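Enquirer: Below: one structure in structure tokens.
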Amino acid sequence: MSDRGDRADKDVMKHCPQVFVVDTQAQGPLPPRQVPVRLEVQRLSLIYLLLAVALLGIFIEAGFIYHLYSRPVVSTDIQKIEYRKGDKNSVPSSSHDLNYILPGKMPNAEKPAAFLQGSSHVTGGNGVLHWRFDSFPGFLRSLDFKNNSLYFQKEGYYYIFSKISHLENCSFFKHQLMHCSERYNYLPIELMQNSRYLCNSQKTQLGNSYLGGVFHLNKGDSVFVQVNNSSQEPISSNGNYFGAFMI
């Protein structure tokens, strides 16, 4: 019996091959991917480089701040004036002390300016107003004053102004600021003017005329103030003034 059973099983196996076959060429699961060590080193080097640059910037800024606050204090204007006057206590004992008293660069000369007040002599025969600068608050700095005109010794832009108080008594009034230059053969040229005609039949009133503007003037140019009717101008040093300053 057993021999027949074995034969039957062998016959079945011949005609029916095995279901489960092991494939010897199949590959197992892929190993985890590893990041190259060189790439990690490059990233760390870049981070360290950025940190070093940031620290270097902080140290440089700290050095500038220290240098700024460690500079010697420049002496005050009063000390400079005392030294120029010859005060023995302020005379430097060495060239090193001199650097503490005098600035490294001498300041520029003061800009030209002038403020003139009306004179008791109102005008000349041609309507040119008379002025004076020898009483407060009048002054004259780096400008020449002659023949009731301001003469400019330095080329540049100047603000020129004039204010006139006048009587409004039913007549025409003109206030002019005139300019003379070599370019125009020293013929008077009008820079600014204000004219008006006001009349009040009941009483005479006091009016004001103001002129002011910026002009480019050359060396040797001059300006003066002129009115058409001097009888309308009251004699008042405070009400009339004329001046200029460089900007």
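Enquirer: Tell me the residue from I164, I160 that is aliphatic (A, V, I, L, M), in contact with a His (Cβ under 8 Å, 6 or more places away or on another chain) and touching a residue at least 24 places away in the same chain (Cβ under 8 Å), please.
Expert: The conditions single out I164.
Enquirer: Do you know which residues across the stretch 141-166 are part of a strand (DSSP E or B), buried (at least 16 other Cβ atoms within 10 Å of the Cβ) and of a type outside the set (F, W, Y)?
Expert: Within the stretch 141-166, L143, S149, L150, I160, S162, K163, I164, S165, H166 meet the criteria.
Enquirer: Test each condition in (1) modelled with pLDDT under 90; (2) not in a loop (DSSP other than H, G, I, E, B) for F242 and report the one that comes out false.
Expert: Looking at each condition in turn, F242 falls short on (1).
Enquirer: Mind checking which residues of the stretch 191-217 are modelled with pLDDT of 95 or more and not in a strand (DSSP E or B)?
Expert: Scanning the stretch 191-217 gives no hits.
Enquirer: Within the stretch 156-172, can you find the residues that are closer than 16 Å to A244 by Cβ and among the polar types (S, T, N, Q)?
Expert: Residue satisfying the conditions is S162 alone.
The values are calculated or read from the model by the stated rules, or taken from the named source; none is laboratory data. Note that this is a predicted model, so its numbers are computed, not measured. For neighbour counting, all protein chains shown are included, and Cβ atoms are generated from backbone atoms with ideal geometry for every residue, glycine included.
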